[in-house]
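The values are calculated or read from the model by the stated rules, or taken from the named source; none is laboratory data. As the structure is a computational prediction, the values presented were derived from the model and not from experiment. Note that we place each Cβ from the backbone using ideal geometry, even for glycine, and neighbour counts take in every protein chain shown.
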Amino acid sequence: MDFLRPRTWAEALALKAERPEATPIQGGTDVMVEINLDKGRPAALLDLTPLPELREWTGEGEMIRLGAGVTYSRLIAELGARLPGLAQASRTVGSPQIRNRGTVAGNLGAASPAGDSHPPLLACGAVVEAESVRGARLIPIGEFYTGVKRNALAPDELIRAVRVPAATGPQYFSKVGTRNAMVIAVCSFATALEPGERRVGTGIGSAAPTPRRAPDAEDFASGELDWDGRGPLDPGVARRFGELVAAAAAPIDDVRGRAAYRTHALAVLARRALGWAWDDYRGNS
Amino acid sequence: MRVSLTVNGRPMTADDVWEGESLLYVLRERLGLPGAKNACEQGECGSCTVYLDRTPVCACLVAAGQAEGSEVVTVEGLTAGAEPDSGLHEVQRAFVDAGAVQCGFCTPGLVVQAHALLADTDGVPQDADIREALAGNLCRCTGYEKILDAVRLAATRRHPSPSPPP
């Protein structure tokens, strides 16, 4: 195994082009588990932690550009108000020690269907900034996940940043697990209200081969909600929203839960999350 | 490969480090610092918690090469400002006094993580904050109540309540 330690981003891209089989490592919270437990041995590790530019985030207009090295702990502390859905999901990641190392970009690189960042990124329409020596490109989050632990990155590409729209309305993330820490989601759900667009965004985690949106649920709620009058949420609308979210999932039975349970729990999570978000929206009138 | 870093204030170098090796392995097996414990090797148990550049992390999830040039403080290094007679840091003393140590295996990780919590907290932390801070440190003996007592004890000793007005 080789340990590659670039001093600049340009050098990192050059190394990835030369060694496309190299595994990028940032917080190590996935990569080192694989190595420690001998589940896989990368040909090379490409250490991205020396690059200070990756540890920065910038607010470009209504978009936050989250560098690939920004840890969950810093996201929670510094961006909780502007990215509430992603910050809520970040608070449920592992433990303080894990959040001190892990990153959203690492979650994207691993592309586990259970990753906590994915539902809020889907719900708010984030964009992944990928780069190689051939140039940079923007990948809409809905096109990023291509299979179980597979993503749309080319072998020579690295994630430079994630562009996340600053919240324009209430956002919620909710997750089912056996305890309140150190939990890989049995299933999870995120929603984001965009009152200006009269849109409801959704993201489903750990209940399909990839994280995914629930487009029918989004269209239904966007059309049914009383955006102008800000009246109370019709329980029938909330229930139907939950059903449509559950219908968008394609869960399996595994060690963390049964498919039938995941489907049921998702409907509950979605119904509740929409209720919380709608109550916040009404409260802000 | 060679890895050079500062551990507990001393420059140290490890040679013949395998590229996939963890910081934990380097500390324990190459640098003679067995305080951080090796258990789950997947970040679940927190028994390998150390400070890496002043941030508590699971040493098992840091590739040794990533620690090149960094500053590591292990449980052995907490006693730099220790009580002169006991050689214990105040957090360690509180764990002993509160009976928060049974088999002792999880103790170094808990001590480092509790140390970090108290360094970030003014006064005595709320129970919910203690539980959150220690959520990634597993103990299989004591059932945690004594551990919570120890953290509260350490915090209270550091910030004694002001005496009531005469």
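Among the listed residues A:82, A:134, A:74, A:65, which satisfies the condition of being of a type outside the set (Val, Ile, Thr) and within 14 Å of chain B (Cβ to nearest Cβ)?
On the way: A:82 fails: within 14 Å of chain B (Cβ to nearest Cβ); A:134 fails: within 14 Å of chain B (Cβ to nearest Cβ); A:65 fails: within 14 Å of chain B (Cβ to nearest Cβ).
Among A:82, A:134, A:74, A:65, only A:74 is of a type outside the set (Val, Ile, Thr) and within 14 Å of chain B (Cβ to nearest Cβ).
With the requirement that a residue be part of a strand (DSSP E or B), away from chain A (no Cβ under 14 Å) and either more than 16 Å from residue B:57 (Cα to Cα) or of a type in the set (Asp, Glu) (or both), what does the stretch B:7-43 give you?
Hits for the stretch B:7-43 are B:10, B:11, B:12, B:13.
Can you find a residue in the stretch A:242-265 that is among the acidic types (Asp, Glu) and either within 14 Å of chain B (Cβ to nearest Cβ) or closer than 30 Å to residue B:131 by Cβ (or both)? Full working, then the answer.
Taking the stretch A:242-265 first, the residues among the acidic types (Asp, Glu) are A:243, A:253-254.
Filter again for either within 14 Å of chain B (Cβ to nearest Cβ) or closer than 30 Å to residue B:131 by Cβ (or both), leaving A:254.
Yes, some residue in the stretch A:242-265 is among the acidic types (Asp, Glu) and either within 14 Å of chain B (Cβ to nearest Cβ) or closer than 30 Å to residue B:131 by Cβ (or both).
Would you check which residues across the stretch B:46-75 are under 20 Å from residue B:139 (Cα atoms) and within 8 Å of another protein chain (Cβ to nearest Cβ) and list them?
B:46, B:49, B:56, B:57, B:58, B:60, B:61
For every residue, the table says whether it meets (1) surrounded by fewer than 24 Cβ atoms within 10 Å (Cβ to Cβ); (2) modelled with pLDDT of 95 or more; (3) touching a strand residue (DSSP E or B) at 6+ places or on another chain (Cβ under 7 Å).
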| site | (1), (2), (3) |
| --- | --- |
| A:209 | yes, yes, yes |
| A:212 | yes, yes, yes |
| A:244 | yes, yes, no |
| A:273 | no, yes, yes |
| A:279 | yes, yes, no |
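Just to check your reading of the model, which residue among B:114, B:128, B:59 is more than 29 Å from residue A:47 (Cα to Cα), at pLDDT 95 or above and within 13 Å of the chain's Cα centre (by Cα)? Don't jump to the end; show me each part of the working.
Numbers: B:128 fails: within 13 Å of the chain's Cα centre (by Cα); B:59 fails: more than 29 Å from residue A:47 (Cα to Cα).
Matching residue, one of B:114, B:128, B:59: B:114.
Are any residues in the stretch A:153-173 more than 19 Å from residue A:65 (Cβ to Cβ) and not acidic (Asp, Glu), and if so, which ones?
Filtering the stretch A:153-173 for residues more than 19 Å from residue A:65 (Cβ to Cβ) gives A:154-156, A:169-170, A:172-173.
If the condition is that a residue be more than 19 Å from residue A:65 (Cβ to Cβ) and not acidic (Asp, Glu), then A:154, A:155, A:169, A:170, A:172, A:173 are the ones that fit.
Which one of the conditions (1) more than 14 Å from the chain's Cα centre (by Cα); (2) buried (at least 19 other Cβ atoms within 10 Å of the Cβ) does residue B:145 fail to meet, given that it meets all the rest?
If we test residue B:145 against (1) more than 14 Å from the chain's Cα centre (by Cα); (2) buried (at least 19 other Cβ atoms within 10 Å of the Cβ), just (2) comes out false.
Could you please find all residues in the stretch B:54-77 being charged (D, E, K, R) and farther than 24 Å from residue B:95 by Cβ?
Residues satisfying the conditions are B:68, B:71.
Let me spell it out: the conditions are (1) surrounded by fewer than 19 Cβ atoms within 10 Å (Cβ to Cβ); (2) touching a Leu at 6+ places or on another chain (Cβ under 8 Å), and residue B:117 meets all of them except one. Which number is the exception?
With (1) surrounded by fewer than 19 Cβ atoms within 10 Å (Cβ to Cβ); (2) touching a Leu at 6+ places or on another chain (Cβ under 8 Å) applied to residue B:117, the lone miss is (1).
Each row is one residue, and each column tells you yes or no for (1) in contact with a His (Cβ under 9 Å, 6 or more places away or on another chain); (2) of a type outside the set (S, T, N, Q).
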residue: B:88; (1), (2): no, yes
residue: B:95; (1), (2): no, yes
residue: B:98; (1), (2): no, yes
residue: B:107; (1), (2): no, no
residue: B:111; (1), (2): yes, yes
residue: B:120; (1), (2): no, yes
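Exactly one of (1) over 10 Å from the mean Cα position of the chain (by Cα); (2) buried (at least 18 other Cβ atoms within 10 Å of the Cβ); (3) touching a residue at least 60 places away in the same chain (Cβ under 8 Å) is unmet by residue A:133. Its number?
In the conditions (1) over 10 Å from the mean Cα position of the chain (by Cα); (2) buried (at least 18 other Cβ atoms within 10 Å of the Cβ); (3) touching a residue at least 60 places away in the same chain (Cβ under 8 Å), residue A:133 misses (2) alone.
Got a sec? Which of A:157, A:224, A:143 is more than 25 Å from residue A:92 (Cβ to Cβ) and either of a type in the set (Val, Ile, Thr) or under 14 Å from the mean Cα position of the chain (by Cα) (or both)? Steps first, please.
On the way: A:157 fails: either of a type in the set (Val, Ile, Thr) or under 14 Å from the mean Cα position of the chain (by Cα) (or both); A:224 fails: either of a type in the set (Val, Ile, Thr) or under 14 Å from the mean Cα position of the chain (by Cα) (or both).
Answer to the selection: A:143.
How about the stretch A:132-191: which of its residues are part of a loop (DSSP other than H, G, I, E, B) and β-branched (Val, Ile, Thr)? Steps first, please.
Going residue by residue through the stretch A:132-191, those that are part of a loop (DSSP other than H, G, I, E, B) are A:133-134, A:144, A:148-149, A:152-157, A:166-170, A:177-186.
Residues satisfying the conditions are A:133, A:148, A:168, A:178, A:183, A:184, A:186.
Name the helices (runs of 4 or more DSSP H) wholly inside the stretch A:7-108 in which the number of residues that are buried (at least 18 other Cβ atoms within 10 Å of the Cβ) and within 21 Å of the chain's Cα centre (by Cα) is 1 or more.
Details: elements: A:9-18, A:31-36, A:72-79, A:84-91, A:96-99.
Those helices (runs of 4 or more DSSP H) span A:31-36, A:72-79, A:84-91, A:96-99.
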